[in-house]
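Read through the structure below, which is laid out as structure tokens, and then see the notes.
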Amino acid sequence: MKKAIVWFRRDLRLSDNPALRHAVDEFEQVLLVYVHAPQEEGDWSPGAASCWWLHHSLAALDKKIRKRNSRLIIRTGASRDALLELTGQFNADAVLWNRLYDPATIKRDKQVKKALADAGLTTRSFAANLLFEPWTISTKDDNPYKVYTPFWKACMKEPAPAGPEASVRALRAPGKFPASESLDALELLPVINWDDGLEAAWTPGEDGAGARLDRFLEHAIDVYATSRDYPAQAGVSRLSPHLHFGEISPRQVWHAVKGMSAAREAQGAKTFLKEIGWREFAHHVLYHFPKTPDQPLYEKYAAFPWRKRHGKLLKAWQKGQTGFPIVDAGMRQLWATGWMHNRVRMIVASLLVKNLRIPWQKGAKWFWDTLVDADLANNTLGWQWSAGCGADAAPYFRIFNPVTQSQKFDGDGKYLRKWVPELAALPDKWIHEPWNAPREVCEAAGFTIGADYPAPVVDMKESRADALAALKAIKDS
Ligand code: FAD
């Protein structure tokens with residue numbers, strides 16, 4: 001009897017799962033396995049919010065699997081040892097998995113593959129988590145792209161991504177299951193109860209992902225091109241954590257959008273698919289430049305004069321106490337829900353790296369711990385973009401002004417009032433810059449700057465000039 005193990009990683013779904021599909025098509029018994037080995041992800045083992053998500057996503061996957069009369073076997077320890085032990089206990093012929101592209105995982109997977117092959121097992125990996133494999137897209141000179149637009153154009157010249165594979169129904173469960181650790185034993189949930197906001201905001205798992213996509217296609221995609229920049233509107237998909245954990249595949253998203261009626265495939269859908277393209281770009285860049293999570297893609301930017309003693313400023317930023325309402329709203333949304341709107345991510349990142357001159361790596365680490373969608377490729381690209389040192393980065397002279405950004409994208413202060421309620425009584429005109437509000441306005445609102453809400457932690461004008469001078473010097477060097 002031919003037996004296979006399917007090794008689940010960040011592909012926590014039963015539909016459009018090529019490794020699983022192949023296993024049930026080609027083998028008579030299939031064992032479904034998750035090995036929890038955060039130590040193998042180097043400096044980037046999942047942060048607290050990701051652990052919360054992972055717990056619920058694994059629970060949802062196991063529930064789905066049990067409905068199909070099988071079980072998810074959970075193990076801990078080194079992946080190689082856990083898989084070797086299971087292949088022995090299950091008498092497996094093969095181990096199958098879907099590929100991932102971050103440097104630590106690639107290294108680990110190579111070692112696992114070798115160890116399994118040395119033990120006489122067949123191994124096979126599948127493309128499942130991107131639309132285009134990173135080694136298939138390159139410039140005319142056979143180099144990786146460092147700029148998004150030509151990259152995406154090159155992708156669009158490739159054959160369209162294959163249609164997603166149907167959900168697997170019969171899982172070909174073994175007659176007898178090897179022992180499994182309990183999900184609770186992984187201790188992924190926080191010891192202190194800070195996760196109520198996450199619980200209220202999200203439904204981790206494949207069904208939650210599908211529902212999120214359906215809702216977005218029904219209500220928001222048509223106006224995505226315009227509403228995606230307004231943090232108070234439900235204008236974006238919020239699919240990012242689902243995509244990160246592979247509860248839905250980019251191919252499923254792609255084909256669901258392409259499957260809409262031609263009349264609806266207007267600007268909104270096109271713009272949305274371009275964002276999925278940014279996800280592709282980020283993963284390709286990380287694959288080709290594996291040092292970028294810690295080091296700037298353009299090395300000369302390592303010379304930026306970061307502020308040496310920045311502990312207090314970093315804390316103020318992390319806690320949403322900078323005195324810039326749009327920044328504080330974003331940081332508090334992040335803390336409460338594990339997610340922040342993209343427009344606001346750009347604003348808070350710009351303040352941290354350019355005005356406060358705190359290394360982008362510190363911001364990336366905070367996001368890593370607090371985002372439910374923390375993703376090494378997307379986070380690295382986002383931070384290097386903001387710092388001006390990465391692929392297709394913002395030009396060095398682009399320093400977001402948190403007041404004008406706030407006025408433009410949250411004019412009526414709805415987002416600010418939700419996340420910074422101490423400003424709620426201020427009129428729209430002053431809510432974006434409360435330190436400038438005239439005394440009589442503050443008195444009428446019962447608001448005192450410095451007491452009810454902090455004064456800005458940095459002078460915008462001066463800090464902007466300092467950053468521009470430093471960045472220009474580097475650029476010209
Ligand atoms: P939508 O607007 O609905 O977009 C759909 C999908 O496209 C997203 O789910 C995401 O997978 C992809 N996407 C959209 N924008 C980008 C982008 N700029 N770069 C890469 N992929 C994108 N995204 C993460 O998934 N994880 C991160 O850790 C992360 N860190 C970021 C850090 C900074 C400093 C910045 C500026 C951006 C970061 N992003 C990150 C990108 C972006 O902010 C999020 O993908 C987006 O806000 C997720 O919300 P959504 O699913 O509603 O996006």
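May I ask for the net charge around residue 270, where only other residues with Cβ less than 13 Å from the Cβ of residue 270 are counted and Lys, Arg are +1 while Asp, Glu are -1?
Working: positive: 228, 258, 264, 274; negative: 222, 265, 275.
Residues near residue 270 contribute +1 overall.
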Original post:
What is the sum of charges around residue 389, taking Lys and Arg as +1, Asp and Glu as -1, for the other residues whose C-beta is under 9 Å from the C-beta of residue 389?
Top reply: 0
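Write out the trypsin sites (Lys or Arg not before Pro) in the stretch 192-264 meeting two conditions: DSSP loop, and at most 13 other Cβ atoms within 10 Å of their Cβ.
Working: sites: 212, 215, 228, 238, 251, 258, 264; in loops: 228, 238, 264.
Qualifying residues, ordered by number: 264.
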Original post:
Tally Lys/Arg at +1 and Asp/Glu at -1 over every other residue whose Cβ is under 14 Å from the Cβ of residue 299; what's the total?
Top reply: +3
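Cα-Cα over 26 Å: which of 274/408; 114/274; 107/258; 146/475; 146/418? Present the calculation step by step, with values, prior to reporting the outcome.
Details: 274/408 23 Å; 114/274 37 Å; 107/258 35 Å; 146/475 17 Å; 146/418 38 Å.
Over 26 Å apart, Cα to Cα: 114/274; 107/258; 146/418.
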Original post:
Relative to a virtual label point 7 Å from the Cα of residue 26 in the Cα→beta-carbon direction, which members of the stretch 121-137 show backbone nitrogen distances below 20 Å?
Top reply: 121-130, 133
Subject >> Three-way shape call for the stretch 1-139 based on the alpha-carbon gyration tensor, with the a/c threshold at 1.5 >> reply: rounded
Original post:
Starting at 0 and stepping by 10 Å, how many percent of the alpha carbon pairs of the chain end up in each bin?
Top reply: 4, 18, 28, 26, 15, 7, 2, 0, 0
Subject >> Backbone HN-Hα couplings from phi across the stretch 110-126 [Karplus 6.51/-1.76/1.60, Hz, Gly and Pro as x] >> reply: 4, 5, 5, 4, 5, 4, 5, 5, 4, 8, x, 9, 7, 10, 8, 10, 10
Subject >> Selection from 22, 226, 174, by position along the positive dipole direction of the chain (Cβ) >> reply: 22
Original post:
Under a 5 Å amide H to amide H cut-off, with H placed in plane at 1.01 Å, what residues pair with residue 76 once short-range neighbours are removed?
Top reply: 36
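Taking the Cα centre of the chain as origin and charging only Cβ (+1 Lys, Arg; -1 Asp, Glu), how large is the dipole, in debye to the nearest 20?
On the way: 64 positive and 55 negative charges, 129 e Å.
Rounded to the nearest 20 debye, it is 620 debye.
Residue 160 to residue 81: extension gain in nm, 0.36 nm per residue of separation minus the Cα-Cα distance? Mind dumping the intermediate values first?
Details: separation 79, 0.36 × 79 = 28.44 nm, distance 3.86 nm.
Between residue 160 and residue 81, full extension yields 24.6 nm more.
Multiply the residue separation of residue 122 and residue 199 by 0.36 nm, subtract the distance between their alpha-carbon atoms, and state the gained length in nm to one decimal. Walk me through the numbers before you get to the answer.
Details: separation 77, 0.36 × 77 = 27.72 nm, distance 4.06 nm.
The residue 122-residue 199 span can extend by a further 23.7 nm.
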Original post:
Label residue 135 and residue 412 with points 7 Å out from Cα along Cα→Cβ: what is the distance between them in nm?
Top reply: 5.4
Original post:
Taking the Cα atoms only, what angle lies between the long axis of helix 325-337 and the longest principal axis of the chain, rounded to 10 degrees?
Top reply: 30
**OP:** Quick one: angle between helix 206-219 and the longest Cα principal axis of the chain, in degrees between 0 and 90, rounded to 10, please.
**Re:** 50
Original post:
In nm, to one decimal, how far is the residue 291 label point from the residue 169 one, both placed 7 Å along Cα→Cβ?
Top reply: 5.3
Original post:
How many nm is it between the label spots at residue 425 and residue 114, if each spot is 7 Å from the Cα in line with the beta carbon?
Top reply: 6.8
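Is the shape of the stretch 397-463 best called rounded, prolate or oblate, per the rule: a/c under 1.5 gives rounded, else a/b larger than b/c gives prolate, else oblate, with a ≥ b ≥ c the square roots of the Cα gyration tensor eigenvalues? It would help to have the intermediate numbers written out before the result.
Working: a/c = 1.99, a/b = 1.34, b/c = 1.48.
Taking the square roots of the gyration eigenvalues as a ≥ b ≥ c, the stretch 397-463 is oblate.
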Original post:
Helix 460-476: angle to the longest alpha-carbon principal axis of the chain, degrees 0 to 90, nearest 10?
Top reply: 60
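Every read-out reported here was derived from the displayed coordinates using simple, explicitly stated rules and does not represent laboratory data. Everything numeric in this text was worked out from a predicted model, so none of it was measured. Note that we place each Cβ from the backbone using ideal geometry, even for glycine, and neighbour counts take in every protein chain shown.
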